[in-house]
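Below you'll find the structure, written out as structure tokens, and then a few comments.
Every number in this text was worked out from the coordinates using simple rules, so none of it is lab data. Quick caveat, the model's predicted, so the values are computed rather than measured. Cβ: placed from backbone, ideal geometry, glycine included. Neighbour counts: every protein chain shown.
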Amino acid sequence: MRNVYDVLAERGYVEQATHEDEIRELLGKESVTFYIGFDPTADSLHVGHFIQVMVMMHMQQAGHRPIALIGGGTAMVGDPSGRTDMRQMLTMEQIRKNSESFKEQFSRFIDFGEGKAIMVNNADWLLKLNYIEFLRDIGRHFSVNRMLSAECFKNRLEKGLSFLEFNYMLMQSYDFLELYRLHNCKLQLGGNDQWSNIISGVDLVRRSENASTYGLTFKLLVTSEGNKMGKTQSGAVWLDPSKTTPYDFYQYWRNIDDPDVKNCLSLLTFIPMDEVNRLGALQGAEINHAKEVLAYEVTKLVHGQDEADKAQAAAKALFGAGGDSESIPTTEFNKSEFDKGIDIIALLSQTGLIASNSEGRRLIQQGGIYMEDAQVTDFARVVTSADLKDGKLLIRKGKKVYHQVVVK
């Protein structure tokens, strides 16, 4: 079996390493326990997290043991990395609910069977800490001057950095120390925005335990222009199907820009690199085939083959290649509503195509709403049974978002 470090490097994950040669050697000679931390600041993982999940899967398949750390303690402080403002404070109950959602989602991707992987919550040790003891035992190892030079803090100094957030680096570093002591965890992985926190953790374990540990960061999911991926007009692209439907998830990847296809195939699928390179090299109209492969494979990983098949069938039905129109996102209505008539803004709201009435009016004003092939131009348009075709109505928002109304 190839060294997993070489696999990750070839696929373009690796960004920075504390000791590249030593990490590669370690991963080649023993089963290494490693961890990645996820703060439960929302009730679902999103596609930005999925890079880290993919790395965990690659590592586990190569025989290494993942620790999925849920940051129930660190989420109470908020990570300043990559932020221009302070994160919203969450309640204990919000954090608990979000943590439970994360646990369920991780279990879809990682094998937590006996000896396979571990899931922990840093609230178990961080919330029990005695502040004075923590400062004496842990804080003494941190140089304020060095911390202020870290990117995660430096970018915030002009706009304001709270003392609460300033503690975040100490807390994340302590996580590494605790996991080393409890589980002989030797490697911390994370997105490249975590580099300062990770090297501080490596240094803390060395100072406290005189032990060799390592850190490795991975590329963030960005476009060829350097913008973060996973955002749409309606918000983040979530892994929870109740927040982003499998069809919308599929369509997001089907519609990415041509220059981003190869990178996403490499980072978000297990397709062999020879095939990734072939698909990524397609030009013109042929690149659409590569996008279809990408959309199908990522949707299959996240939502399962059945949902990927349905999303693919719905896309084909909408875009002229045949397929099952029943797979298109659908909302059912009672026939009586259409017999008496329903105004277009209310219809858009009830189908979930708009988040507010003002958004609906803006879209209509901009010519972005269609019923079947007819553009809607009147805010006061009333939709009735006469607009239905065999008890159905296809609504389009913009160029690519479709929703089917079924009246019974």
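Under a straight-distance cross-link criterion of Cα-Cα below 16 Å, which aspartates and glutamates are reachable from Lys392, leaving out those fewer than 8 residues away in the same chain?
Within the straight-line cut-off, Lys392 pairs with Asp324, Glu326, Glu332, Glu337, Asp339, Glu372, Asp373.
Which value in deg cm²/dmol, rounded to the nearest 500, describes the helix-derived mean residue ellipticity at 222 nm for the chain, given -39,500 (n - 2.57) per DSSP H run of n ≥ 4 and division by the residue count?
For the chain, the value works out to -13000 deg cm²/dmol.
If only Cα atoms are counted, what is the Rg of segment 231-324, and what is its Dmax, in Å?
Rg then Dmax for segment 231-324, in Å: 12.8, 35.
Using only C-alpha positions, report the orientation-averaged shadow area of the convex hull of segment 350-390, nm², one decimal.
Convex hull of Cα atoms, orientation-averaged projection: 3.3 nm².
Shape of segment 330-407 from its Cα gyration tensor (a ≥ b ≥ c, root eigenvalues): rounded if a/c is under 1.5, otherwise prolate when a/b > b/c, or oblate?
Judged from the Cα gyration tensor, segment 330-407 comes out prolate (a/c at least 1.5, a/b above b/c).
May I ask you to list the lysines whose Cα is less than 20 Å away from that of Lys243, ignoring any residue fewer than eight positions away on the same chain?
In chain and number order, the partners are Lys97, Lys103, Lys228, Lys231, Lys300, Lys310, Lys397, Lys400.
Would you mind finding the longest exposed-site-free stretch of the chain, with exposed GluC sites (Glu not before Pro) meaning DSSP loop and at most 14 other Cβ atoms within 10 Å?
Free of exposed loop sites, the longest segment is 226-371.
With the contact rule set at Cα under 8 Å and sequence spacing of 6 or more, what percent relative contact order holds for the chain? Each step should come with its number before you reach the end.
Values: 610 pairs, mean separation 57.6, N = 408.
After rounding, I find 14 percent.
Using a Förster radius of 22 Å, what is the FRET efficiency between Asn145 and Glu22 based on their Cβ-Cβ separation? Nearest 0.05, please.
0.20
Would you please name the trypsin sites (Lys or Arg not before Pro) within segment 1-61 that are DSSP coil residues with at most 15 other C-beta atoms within 10 Å of their C-beta?
Of the trypsin sites (Lys or Arg not before Pro), the ones in loops of segment 1-61 whose Cβ has at most 15 other Cβ atoms within 10 Å are Arg2.
When each pair of different Cα atoms in the chain is counted once in the 1/r mean, what is the Kirkwood radius in angstroms, to one decimal?
On the way: mean 1/r = 0.0424 Å⁻¹.
Value: 23.6 Å, from the Cα pair sum.
Straight distance only, please: which aspartates and glutamates reach the Cα of Lys219 with their own Cα at less than 15 Å, same-chain residues fewer than 8 apart left out?
Output for Lys219: Glu10, Glu15, Asp193, Asp260.
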